[in-house]
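The structure that follows is given in the form of structure tokens.
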């Protein structure tokens, strides 16, 4: 599993979303370095981390590998940030940790959660689009359009921003790298195959993570994971703060990095 590391202080693991990788955090890591030891991973099959053909792509298996990574790094406890699909993985990892406290071999402990527009059971867009993309018709459309023609990359990237004028100059080329070098679209397609079952699994574990102190971060113009689901998710937690960026899309850490980083630092440095 490829990862980037910087900074000093309490450990913080960053988990990217679908079609993202450690590159996604290039504006976040330097800002957090004075406050935390930051690890930005490429999940197996994503970014520049290779994956075996037999890899289990379910949300739960991905969360278990995340905890194995923490254990391999020698982290007994850490803060965890996940965005989009990575946010759902973070919640699943937190539930696994909560369950492990009841066993003789506990997993590494998660202290706090930061969830950036996380996939959740109340966002209607993901419930319908993901199953369609892996249906026979949807798969043909996907493979013969976005997967085949690089000229269309800007279109899907633009949909992730509230303001297209704020797309960083290096974003388009940066997100093309895993597609060229590591079968990035194939990785995404494998995740989508278990999407409906994963959402059901995610919904079932939400009561287990109520007690984690949590920061929710969202853009109000998010077209991928609807902002309308933010308040419903916030209510799942006993101690959760919601920070909303008006007019911002799905990638707040790229569209408004200064404001995004300030919100994270405030949360991480508040006792």
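The values are calculated or read from the model by the stated rules, or taken from the named source; none is laboratory data. Note that the structure is predicted; figures quoted are calculated from it, not measured. All Cβ positions, glycine included, derive from the backbone under ideal geometry; neighbour counts span all protein chains shown.
Has region 51-61 got at least one residue that is within 24 Å of residue 226 (Cβ to Cβ), in contact with a strand residue (DSSP E or B) (Cβ under 9 Å, 6 or more places away or on another chain) and in contact (Cβ under 8 Å) with a residue 24 or more places away in the chain?
no
Right, here's the next one. Can you name the condition, by its number, that residue 88 falls short on among (1) part of a helix (DSSP H, G or I); (2) in contact (Cβ under 8 Å) with a residue 24 or more places away in the chain; (3) surrounded by fewer than 19 Cβ atoms within 10 Å (Cβ to Cβ)?
Tallying (1) part of a helix (DSSP H, G or I); (2) in contact (Cβ under 8 Å) with a residue 24 or more places away in the chain; (3) surrounded by fewer than 19 Cβ atoms within 10 Å (Cβ to Cβ), residue 88 fails exactly one: (3).
Let me ask something additional. Considering each of 230, 244 in turn, give the residue that is crowded, with 22+ Cβ neighbours inside 10 Å, under 18 Å from the mean Cα position of the chain (by Cα) and at pLDDT 95 or above.
When all the criteria are applied, what remains is 230.
Another question about this same structure. I'd like to check something: does region 58-67 contain any residue that is surrounded by fewer than 21 Cβ atoms within 10 Å (Cβ to Cβ), part of a loop (DSSP other than H, G, I, E, B) and in contact with a helix residue (DSSP H, G or I) (Cβ under 8 Å, 6 or more places away or on another chain)?
Within region 58-67, one or more residues are surrounded by fewer than 21 Cβ atoms within 10 Å (Cβ to Cβ), part of a loop (DSSP other than H, G, I, E, B) and in contact with a helix residue (DSSP H, G or I) (Cβ under 8 Å, 6 or more places away or on another chain).
Among the residues of region 126-149, is any touching a helix residue (DSSP H, G or I) at 6+ places or on another chain (Cβ under 6 Å), modelled with pLDDT of 65 or more, within 19 Å of residue 188 (Cα to Cα) and surrounded by 16 or more Cβ atoms within 10 Å (Cβ to Cβ)?
Taking every residue of region 126-149 in turn, none turns out to be touching a helix residue (DSSP H, G or I) at 6+ places or on another chain (Cβ under 6 Å), modelled with pLDDT of 65 or more, within 19 Å of residue 188 (Cα to Cα) and surrounded by 16 or more Cβ atoms within 10 Å (Cβ to Cβ).
Further question: Only residues that are assigned to a loop (DSSP other than H, G, I, E, B) and out of contact with any helix residue (DSSP H, G or I) (no Cβ under 9 Å at 6 or more places or on another chain): list them for region 210-246, please. Step through it out loud before you land on a result.
Going residue by residue through region 210-246, those that are assigned to a loop (DSSP other than H, G, I, E, B) are 210-212, 220-226, 235-239, 246.
Within region 210-246, 210, 235, 238, 239, 246 meet the criteria.
Quick check on region 33-42. Is at least one of its residues surrounded by fewer than 22 Cβ atoms within 10 Å (Cβ to Cβ), in contact with a strand residue (DSSP E or B) (Cβ under 8 Å, 6 or more places away or on another chain) and more than 15 Å from residue 188 (Cβ to Cβ)?
So far as region 33-42 goes, yes, one or more of its residues are surrounded by fewer than 22 Cβ atoms within 10 Å (Cβ to Cβ), in contact with a strand residue (DSSP E or B) (Cβ under 8 Å, 6 or more places away or on another chain) and more than 15 Å from residue 188 (Cβ to Cβ).
Looking at (1) in a loop (DSSP other than H, G, I, E, B); (2) over 15 Å from residue 113 (Cα atoms), which one does residue 189 not meet, given that it meets all the others?
(1)
While we're here: Give me a count of the residues in region 68-83 that are in contact with a helix residue (DSSP H, G or I) (Cβ under 6 Å, 6 or more places away or on another chain) and either without any contact (Cβ under 8 Å) to a residue 40 or more places away in the chain or not in a strand (DSSP E or B) (or both).
Qualifying residue count, region 68-83: 0.
Just name the residue that is farthest from the chain's Cα centre (by Cα) out of those in region 27-41 that are under 18 Å from residue 258 (Cα atoms) and free of Cβ contacts under 8 Å to residues at least 40 places away in the same chain.
Step one: of region 27-41, the residues under 18 Å from residue 258 (Cα atoms) are 27-36, 38.
Checking the rest, the ones that are also free of Cβ contacts under 8 Å to residues at least 40 places away in the same chain come to 29-30, 33-34, 38.
On the way: 29: 15, 30: 19, 33: 20, 34: 23, 38: 15 Å.
Among those residues, the one meeting the criterion is 34.
While we're looking at this one, here's another question. Take the residues in region 161-186 that are assigned to a loop (DSSP other than H, G, I, E, B) and at pLDDT 95 or above, then tell me which one is nearest to residue 220 (Cα to Cα). Working first, answer last.
Here is the first cut: in region 161-186, the residues assigned to a loop (DSSP other than H, G, I, E, B) are 161-163, 167-170, 182-183.
After this cut, where a residue has to be at pLDDT 95 or above as well, the list is 161-163, 167-170.
Details: 161: 11, 162: 8, 163: 12, 167: 17, 168: 19, 169: 23, 170: 24 Å.
Filtering region 161-186 for residues that are assigned to a loop (DSSP other than H, G, I, E, B) and at pLDDT 95 or above, the one nearest to residue 220 (Cα to Cα) comes out as 162.
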